[in-house]
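The values are calculated or read from the model by the stated rules, or taken from the named source; none is laboratory data. In this text the structure is predicted, and so the values were computed from the model without any measurement. Glycine gets a Cβ as well: all are built from the backbone with ideal geometry, and neighbour counts include every protein chain shown.
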Amino acid sequence: MFNRDNKNNKIVPLKKPFKARNMIFGGLLFLISLYIIILFVRDRLQTSVSIYEVVKKEVTDNDTLRGIILRNEKIYTSEESGYLSYFIGEGQKIGVDSYIYSVDSDGNVYEQINEKISDTKLNSNEVGDIRYIISSYNDAYKPSDYSTVYDFKYKLNNTAEQLSLNAASNKLNKLIRKNKSSSSFNIVRSHNTGIISYLTDGRENLKVSDLTEDDFKFMTDSWEQMRKDSFVEAGSPVYKVIKNDRWTIVVPVSKEQYDEINAEENVSIYLKNEGINARPESTKTFMIADKYYCSFVLNNYMIQYVNSRYIDIQINLNNAEGLKVPVSSITSKKVFIAPSDFAGTDEYGRRYVTALNMTDSKGKTHESTNVTIEVYKIENDEILFSGRNLTEGLTIVKPGEEKSSDTSTRYVLNNTKKVSGVLNCNYGYCRFNMIDIIYKNPEYVIVASNNSYGLSLYDHIILNATNMKEGDLI
């Protein structure tokens, strides 16, 4: 039993404030935990937003195509045997009755001509021409294409000989006049005008109608030199004349290129070796068996390709330069179209239209009210725009003409258009920017950069437009 007389027995009451503090601490811990859980769940449920920075881009889908060159060219043979001395250089233009070469049956005059040439020194400009040929070949040389060495050798020899002939021309003219009456020495003149060449590949008579698939399998120049240093038998090929500047390039193309070329009114091509854009006189597509081909007829630049049977070109079909935008960033929006003089500018530089009898978001109707608009494009005296609470069928009035009874100052918003655009997030929220697409492939588009109301270089846009909408905060 409890002994009341025991003075050592004491009752110690519990401290209630301690229990209260525990309850408060526990409540705070619960709230913090709940807040963290909410943030976690929201983060898991919220779609991630990726931002893309707009960059400038130049694209071309034009693959390099290798084609065959066809020309109006004829090979001439020697009518008699003897030692030949040439007076016209490779790639030079000739007229009718021009001296082409001399034939010396016993070799006496031939030796004198060679002596005159060997005694002549080239000037610095002529030496520079030879160095340029060597340098150009060296820059373009590829060990995998060793066959070009022989072509280079022929071109270099022909150029060197022509420069020597030019330098010794006065001496040679005297020598020719001196031996003109000799029975063993004859001068051969040209029968046609044209461009002369001393290289042959046996394909001089090839025509478009003669082409087969095999002609496009091994397209590498393979020339044989007709200009000989030894005795030449009668009937041997000795030179070639390309009769005019008209030439044809035939290239194999894909089905897509074939269709695009047929759809284009005017097609231009790029001659890669010379870096020249050329517009053909005529362009024709055709098929050989089940393969697609295209021919281009030109009247210029042929002289640069006198010693080429094959050529690398690009067909200028898909070229574009502008701002690069991923396809995933593109969305669309319906906008209004109205005459541009129906849009005004307020004192803060904001664009607006004046709407008549418009009902606002609270259900109140206003006789006339200025509505701030977002302008997307102004073109051909028309403005493309959108504005809050603007609806189809609503009437707008020219700025300052609210009281006018002239019907020409009124315009009904019934002309709309669905336009492509992106969500610009430069300001921390999504803002629709209209874009003008000038090129498109499966991954990205190129948009025009000359629209003052459109995108600019280094703008930030939403990468996945389906994850956000206009007005969303970032």
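Observations, loosely collected:
- Search result, residues across region 445-462 that are in contact with an Asp or Glu (Cβ under 8 Å, 6 or more places away or on another chain) and assigned to a loop (DSSP other than H, G, I, E, B): Ala448, Asn451, Gly454, Tyr458, Asp459
- Near pairs, Cβ below 7 angstrom, 6+ apart or cross-chain, from region 409-429 (within 19 Å of Ile330 (Cα to Cα)) to any residue that is of a type in the set (Phe, Trp, Tyr): Val419/Tyr376; Gly421/Phe432; Leu423/Phe432
- Residue in region 424-431 that is touching a strand residue (DSSP E or B) at 6+ places or on another chain (Cβ under 7 Å) and at pLDDT below 90 present: yes
- When residues in region 414-433 are screened for being assigned to a loop (DSSP other than H, G, I, E, B), touching a Gly at 6+ places or on another chain (Cβ under 9 Å) and over 16 Å from Tyr52 (Cβ atoms), 1 of them pass.
- Some residue of region 276-289 being free of Cβ contacts under 8 Å to residues at least 40 places away in the same chain, outside any strand (DSSP E or B) and in contact with a Leu (Cβ under 8 Å, 6 or more places away or on another chain): yes
- Within the option set Ser340, Ser329, being polar (S, T, N, Q) and surrounded by fewer than 19 Cβ atoms within 10 Å (Cβ to Cβ) holds for one residue only, Ser340.
- Being within 46 Å of the chain's Cα centre (by Cα), over 14 Å from Phe342 (Cα atoms) and not small (Gly, Ala, Ser) holds for only one residue in Glu392, Glu367, and it is Glu392.
- Those residues of region 221-249 which are over 21 Å from the mean Cα position of the chain (by Cα) and among the β-branched types (Val, Ile, Thr), in sequence order: Val232, Val238, Val241, Ile242, Thr248
- Taking the numbered list (1) at pLDDT 90 or above; (2) surrounded by 14 or more Cβ atoms within 10 Å (Cβ to Cβ) in turn, Ala448 passes all entries but (1).
- Lone unmet requirement of (1) touching a strand residue (DSSP E or B) at 6+ places or on another chain (Cβ under 9 Å); (2) assigned to a loop (DSSP other than H, G, I, E, B); (3) closer than 30 Å to Ser98 by Cβ for Asn244: (2)
- Top-ranked residue in region 259-292 [being of a type in the set (Phe, Trp, Tyr) and surrounded by 18 or more Cβ atoms within 10 Å (Cβ to Cβ); ranked as nearest to Met302 (Cα to Cα)]: Tyr270
- Test for Ala320: is it at negative phi and within 25 Å of the chain's Cα centre (by Cα): yes
- Residues within region 333-349 that are touching a Ser or Thr at 6+ places or on another chain (Cβ under 9 Å) and at pLDDT 90 or above, tallied: 7
- Any strands (runs of 3 or more DSSP E) falling wholly within region 320-392 and containing at least 2 residues that are of a type outside the set (A, V, I, L, M), closer than 19 Å to Lys469 by Cα and assigned by TED's automatic domain parsing to the domain that holds Leu413: 331-339, 365-379, 382-387
- Some residue of region 222-231 being modelled with pLDDT under 95, polar (S, T, N, Q) and part of a strand (DSSP E or B): yes
- Residue check for Tyr352: within 30 Å of Ile437 (Cβ to Cβ) and not polar (S, T, N, Q): yes
- Test: Ser295 is of a type in the set (Gly, Ala, Ser), within 30 Å of Tyr270 (Cβ to Cβ), crowded, with 18+ Cβ neighbours inside 10 Å and touching a helix residue (DSSP H, G or I) at 6+ places or on another chain (Cβ under 8 Å): yes
- Check on Val188, farther than 30 Å from Ser295 by Cα, surrounded by 15 or more Cβ atoms within 10 Å (Cβ to Cβ) and modelled with pLDDT of 90 or more: no
- Of the candidates Tyr99, Tyr83, Tyr110, the single residue that is modelled with pLDDT of 85 or more and of a type in the set (Phe, Trp, Tyr) is Tyr83.
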